[in-house]
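Written out below as structure tokens is the structure these notes cover.
Laboratory data are not the source of any read-out in this text; all were calculated from the coordinates shown. Please read these numbers as outputs of a predicted model, since none were measured by experiment. Note: ideal-geometry Cβ built from the backbone for every residue, glycine included; neighbour counts use all protein chains shown.
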Amino acid sequence: MERLVRALTSLFSGFIFGVGMVISGMVFPEKVTAFLDVTGQWDSSLMFVMGGALLVFMPSYLIIIKPMKRPLLGGVFSYATVTNIDRRLIIGAGIFGIGWGMAGICPGPVVSSLSFGDLGFWVFFSSMMVGLGTTNRAFYKHTAIQSTPPTTHSPI
């Protein structure tokens, strides 16, 4: 039963997230690119989307989630264990930025954009999955890190 509740919660929260992404325009590459173009035709409207999200999330987190000993639906909270700014983080952030800048869309919103049926979104998403998979395999196979890569955790 707990697994079903967790699955339904993930389904509902994912649906709400997707609705918000489409209504706010965050699924449109030209909107995101205009937001990032601070030296040209800057569109600051996505700042309100992010601000609105923080206005809802932060009080909820501080008042409800943070004081909890464990998640409502069982398990344990997952917190980042590596918080240092190192060469790997800087290189990864740079590569992420190059990909974002070339595509004009962030990986999260591209998932929502798949519903438009546009071949370009599907090609981007597919190649992003190949990049994630091969990099995870190569990196975690050739490093001394013995923990499970964070990308393998599932909300369900």
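Of note:
- Per the Debye calculation on the stretch 2-152 with a single equal scatterer at every Cα and no solvent contribution, log₁₀ I(q)/I(0) for q = 0.14, 0.20 Å⁻¹ amounts to -1.03, -1.47.
- Compared with the direct C-alpha span, the chain from GLN41 to ASP86 gains 12.9 nm at full extension, assuming 0.36 nm per residue.
- Note on SER60 and TYR79: the extension gain reaches 5.1 nm, defined as 0.36 nm multiplied by sequence separation minus the Cα-Cα distance.
- The stretch 2-152, dipole about Cα centre (Lys/Arg Cβ +1, Asp/Glu Cβ -1), debye to the nearest 20: 720 debye
- Applying the criteria of a DSSP loop state and at most 15 other Cβ atoms within 10 Å to the chymotrypsin sites (Phe, Trp or Tyr not before Pro) of the stretch 14-76 yields TRP42.
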